[in-house]
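Visitor: What follows is a structure written as structure tokens; I'll ask about it next.
The values are calculated or read from the model by the stated rules, or taken from the named source; none is laboratory data. Being a predicted model, the structure only gives us computed values, none of them experimental. All Cβ positions, even for glycine, are placed from backbone atoms using ideal geometry, and neighbour counts span all protein chains on display. For accessibility, only protein heavy atoms count, side chains too; no ligands or nucleic acids. Shrake-Rupley method; radii C 1.70, N 1.55, O 1.52, S 1.80 Å.
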Amino acid sequence: MAKLKIGVVGGGGIAQAAHINNYKKHADRVELVAIADVNEATVRRNIEEHGFAYGFADFNEMFENAELDAVSVCTPNKFHAPATLAALKAGCHVLCEKPPAMTSAEAMEMEAAAAASGTILAYGFCNRYRARAQYLKRAIEAGELGHIYAGRIAAMRRNGIPGGVFVNKELQGGGPLIDIGVHMLDLALWFMDFPKPVQVMGAAYRELGTKPYDSVPTPWDYANYTVEDLAMGMIRFENGATLLLETSFIVHAPEGNNNTVRLHGTKGGLDYKTAGIHQLRQGIPVDIVAPKIPDPDMHQVQLEAFIDALEGKGRMLSTPGQGVVVQQIIEALYRSAETGEAVVP
């Protein structure tokens, strides 16, 4: 089988950590052909360090001039949809970083374009590829939880505002909700088999990110901080289930990072952080906490799954339609936060 010709749009941090280095681990199956980035130095560095044959300042020029089979889209969120749509139009399969886009309309356009071109479109919902997530998904499918009727999502940082574009609403669409909260939201929806959302209530706060530290240098551009510090919300589904959500870049709390999903079912409960199943047996509360689960790098496993799918050896865990639902909920949470009213996604 001929090697798959790979392109990358956006050559920054996530491209390096999650995509390019993992493609290089499969040099017998893929070839890094082209890199596109608006930053000339980034293009040059990627060519020198990773051996791309071509470099472009404009992804449209890349698709016009380079013969590619598949593309990783690793840009700021604002450019996810344009880059993905251009790739799909060129007949390329796409692995696009999360979130799918800036709006649900863009996500739906991306879904339609993938269907029209007959290409694979998957999103970087990499937590699905963690071993603990796979274990818990199997437990759910085996009926260990019964009907899941409620849950809680947390993606909390006590003091973890990222730098660069991540504090720029115009480029990212928001803060912790669209950046880290999206991971746990997607995971919960996947565990629940993506019930239809019917009502969303959200709130967002910008209280700490716009201020400098009292006594040490502030590591982010607080003067131009335009995203939320903290987002909270409730999602109600057509089947009667509800999810509570809380996510932050910075908040005064007793703990550091806390990323988890807790689900409550008629036969049992689930805690993603501990890989625990919690049930009542013979009238006695029983906690089934898995022994240490081997946890290979989720980005590597996801990238390997993408290569397998390109070779016809399997399917990606995420679908374009699921990406639409995730985007609809995020958009509805932000809209509710702005209006103070419940919103139908």
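Visitor: For the chain, what does the convex hull of the Cα positions come to per residue, in cubic angstrom?
Guide: 153 Å³
Visitor: If you line up the long axis of helix 320-339 against the longest principal axis of the chain, both from Cα atoms, how many degrees apart are they, to the nearest 10?
Guide: That works out to roughly 60 degrees.
Visitor: Also, quick follow-up: Set the Förster distance to 51 Å, then compute FRET efficiency between GLU311 and TYR205 from the Cβ-Cβ distance, nearest 0.05.
Guide: On the way: r = 46 Å, r/R0 = 0.91.
Once the sixth-power term is evaluated, E becomes 0.65.
Visitor: Also: In Å and whole numbers, how far do the C-alpha atoms of segment 1-114 stretch along each principal axis, longest first?
Guide: So the extents along the principal axes, rounded to whole Å, are 37, 34, 25.
Visitor: Now for a separate question. From largest accessible area down, sort PHE237, PHE63, PHE79; use a 1.4 Å probe on the protein chains.
Guide: Result of the area sort, largest leading: PHE79, PHE63, PHE237.
Visitor: My understanding is that a pair violates if its Cα-Cα distance is over 26 Å; which of LYS98/LYS169; LYS5/LYS169; LYS196/LYS267; LYS169/LYS273; LYS98/LYS196; LYS3/LYS78 do that in this structure?
Guide: LYS5/LYS169; LYS169/LYS273; LYS3/LYS78
Visitor: Going by accessible area, probe 1.4 Å, with all protein chains left in place, what is the ranking of THR119, THR226, largest first?
Guide: Greatest to least solvent exposure: THR226, THR119.
Visitor: Then there is this: Could you check the spin-label model distance between ASN224 and ALA290? Points 7 Å from the Cα along Cα→Cβ, value in nm.
Guide: Each label point is offset 7 Å from its Cα along the Cβ direction, giving 4.3 nm.
Visitor: At 222 nm, what value in deg cm²/dmol follows for the chain if DSSP H runs of at least 4 each add -39500 (n - 2.57) and the sum is divided by all its residues, to the nearest 500? Can you show the working numbers first?
Guide: Values: 10 runs with 104 residues, N = 345.
Rounded to the nearest 500, the figure is -9000 deg cm²/dmol.
Visitor: Roll a 1.4 angstrom probe over the protein heavy atoms and tell me the percent of accessible area of the chain that is carbon or sulfur. Walk me through the numbers before you get to the answer.
Guide: Working: 8040 of 15580 Å².
Its accessible area is 52 percent carbon and sulfur atoms.
Visitor: Need the C-alpha centroid separation for segment 135-190 versus segment 20-44, integer Å.
Guide: After rounding, the separation between the Cα centres reads 28 Å.
Visitor: Run the numbers for ASP193 and ALA342: contour at 0.36 nm per residue of separation, minus the present Cα-Cα distance, in nm.
Guide: 51.3 nm
Visitor: Taking a probe of 1.4 Å, how large is the accessible area per residue of the chain, in Å²?
Guide: That works out to 45 Å² for each residue.
Visitor: Karplus couplings for segment 300-308 from phi (6.51 cos²θ - 1.76 cosθ + 1.60, θ = phi - 60°), rounded to Hz, Gly and Pro as x?
Guide: So the J values, rounded to whole Hz, are 5, 5, 5, 5, 5, 5, 5, 4, 4.
Visitor: Protein chains only, probe 1.4 Å: how do GLU40, GLU31 rank by accessible area, largest first?
Guide: GLU40, GLU31
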